[in-house]
1. With a probe of 1.4 Å, find how much accessible area the stretch 412-453 has per residue, and write the answer as a whole number in Å².
2. I need the calculated FRET efficiency for the pair residue 99 and residue 262, taking r as the beta carbon distance and R₀ as 60 Å, to the nearest 0.05.
3. With a probe of 1.4 Å, find how much accessible area the stretch 82-134 has per residue, and write the answer as a whole number in Å².
4. Using only the alpha-carbon atoms, how far is helix 375-393 inclined from the longest principal axis of the chain? Give it as 0 to 90 degrees, nearest 10.
5. Can you pull the percent of the stretch 133-185's accessible area that's carbon plus sulfur, 1.4 Å probe, other chains left in place?
6. I need the phi-derived Karplus couplings for the stretch 538-548: 6.51 cos²θ - 1.76 cosθ + 1.60, θ = phi - 60°, integer Hz, Gly and Pro marked x.
7. Percent of accessible area on the stretch 494-548 owned by carbon and sulfur, 1.4 Å probe?
8. Using only alpha carbons, build the gyration tensor for the chain and give me the equivalent ellipsoid semi-axes, biggest first, whole Å.
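The values are calculated or read from the model by the stated rules, or taken from the named source; none is laboratory data. These numbers were taken from a predicted model, which means no experiment stands behind them. Quick reminder, even Gly has a Cβ in these numbers, built from the backbone with ideal geometry, and neighbours come from all protein chains shown. Just so you know, the surface numbers come from the protein's heavy atoms only, side chains and all, with ligands and any DNA or RNA stripped out. Shrake-Rupley method; radii C 1.70, N 1.55, O 1.52, S 1.80 Å.
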Amino acid sequence: MSKVKTMLKIGGGALLVAAIVAVFIVATQGRDPELEALEHEGSDYILQLDKASGLRKNLASKAEWDYTANITKENEEKWIQLRLELSKLEKQAWEETKMYKWQIFQDNSLKRMFKKYCELGVSALPDDKYKQLMKSVSGMESNYATSKICSFKNETKCDLSLEPEITEIFAKSQDPEELKHTWIEWHKVAGAKARDNFTQYVQLYNEAAKLNDYKDVADWWQADYEVPDFEDQLAKLWEDVKPLYQQMHAYVRKKLRDKYGEHIVSMKGPIPAHLLGNMWAQTWNNIESFTRPYPDKKESDITQAMRDQNYTPLKMFQMSDEFFKSLNLTAMPPKFWENSIIEKPTDREIVCHASAWDFYDGQDFRIKQCTTVDYEYFQTTHHEMGHIQYFLQYKDQPVVFRDGANPGFHEAVGDTIALSVSSPKHLRRVGLINGDAEDEQTEINQLYKMGMDKIVFLPFAYTLDLFRYGVFRGTTQPEDYNCHYWRLRETLQGVEPPVNRTEEDFDAAAKYHVSANVEYARYYVSFIIQFQFHRALCSLAGEYAPADVNKKLVDCDIYQSVTAGNALANMLKMGSSKPWPEAMEALTGQRSMKADGLLEYFKPLYEWLEVENQRTGEYIGWETSKIQYCTVEQLAALNAKLVSSEPQKADT
């Protein structure tokens, strides 16, 4: 027995081939007892490894929490030092794991665990490079978290943070000059300053990818989705939703032109990014109030209702917890309430970007969020609590499977709940809006408001990782970062920067997920699949029927449906123990990402926009921007690259 075990673990060429052949011969007569023993040994080994991995992840999470909840040089150094120590242990475990020839095991779950543990991650780097990579990322993240700008109205007041001051300016100001100033200054401090760190991070991260047997980080990130044509699937989904987006874009451009004049917003060009109510023009909710289809229809001010009813951040979290409990899902454990940070502290700098944390001990789950009492944070709270619910549901899985079925699943769960929470039916139920059910005009307004979040976000989310795929593959070099970033944003999203840009700027890093090394395709995926999940759950709850005008998808609320909750729990409990199409199928009956749920949800809005844009003679799409962000040489090189990548016709 020991001889076969040694051959299989060390793997010596012809001996290994002979052993595998022998295994298959024996398999026809019954199981090979030596292979069975080896598999048993592999199982014992992987369970011990998984336990140790959970302890390491717990320590790493605690150290990262301490740093991001109190940004000091000392906490940063402690976090990096601990990561270095843990990476050495991970590397030792990796070397041991690779010795097992797990590919011939018959237990699929065991093989899946081995496969995941045979990927070391960034710890594969030599210690000095690993430390450099950690420093470059924490440098970008702390620069982002601590960036301050000066006020447009008072140039001596230079303490404006992204949260809450700058975000509030974008939400409320309708002065294009103030918005332009705020946009430029934020991109200067949060973006341009990160360029050197980012360039170093790309180089080191790509080295780590190669050590994990990937061509580059783009290849590595896409592997998490376990489908060979992931990029093609993203492109197909975009082609499906693009007509709806273009109708929204044309309609919004007209409304902005009416407001600001043609000298600021052209008839046929891209929309200036600073006028869309959000620093990155990723969602446009904040301009909904003066662009909505039926402005005379009384709009419920949910934020005002929340403030009138003395909502607090704690109450928002308690309501979200109650929603999950109404579905027969798990209540937040005591440690959640003890350890979470749900309001911005006044005594220290923290990373305010909302985040949910699993400490891998089955008991400690937390949210860190600088909550303000408004409708947007009401939805964000449900989103983050969705992450925690996912953690709670799969906490009994092996540590290596404590993850979403794919990265997009984790993001979609909370958003799926938020679709119910933001439905008029639910808002009436909790007393945040009054009155009767919606008429057709109110429904179009409501769908438009939702579209200003869900539809307009898609090309932004698509752009962010298409840009980084190019960077990681080396097709976008450091000297072309900003040019390529804006070229994608103009081409896909139809937005332009408020002023000319150069390669002195690095606008991509002014977005948290670029500075913090967070893959972004997960959000694009989640904004598609959440409508698949929503439709399935609504059907199970008896809240939706395709032909019933009284059971529309747009007004579905699954609150208190144990049937829907149990079905959701069954999918969440799987974690990443199975490939995501199986998890998708468990809930929806579908095995692929499809835009049909989203398109069905927004169909009345799409039809309305088509008629309205035709009535006003709007140009659908956009012509090339007159704002310069690429040099003549960069544009020529880009165009040459595009021509060379087009399929050539074969001679016949």
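1. About 33 Å² of surface per residue is accessible.
2. With a Förster radius of 60 Å, E is 0.30.
3. 49
4. The two axes meet at around 10 degrees.
5. Carbon and sulfur atoms account for 51 percent of the accessible area of the stretch 133-185.
6. 5, 4, 5, 7, x, 9, 9, 9, x, 9, 9
7. Whole-percent figure for carbon plus sulfur exposure: 46.
8. Listed largest to smallest, the semi-axes of the chain are 42, 30, 27 Å.
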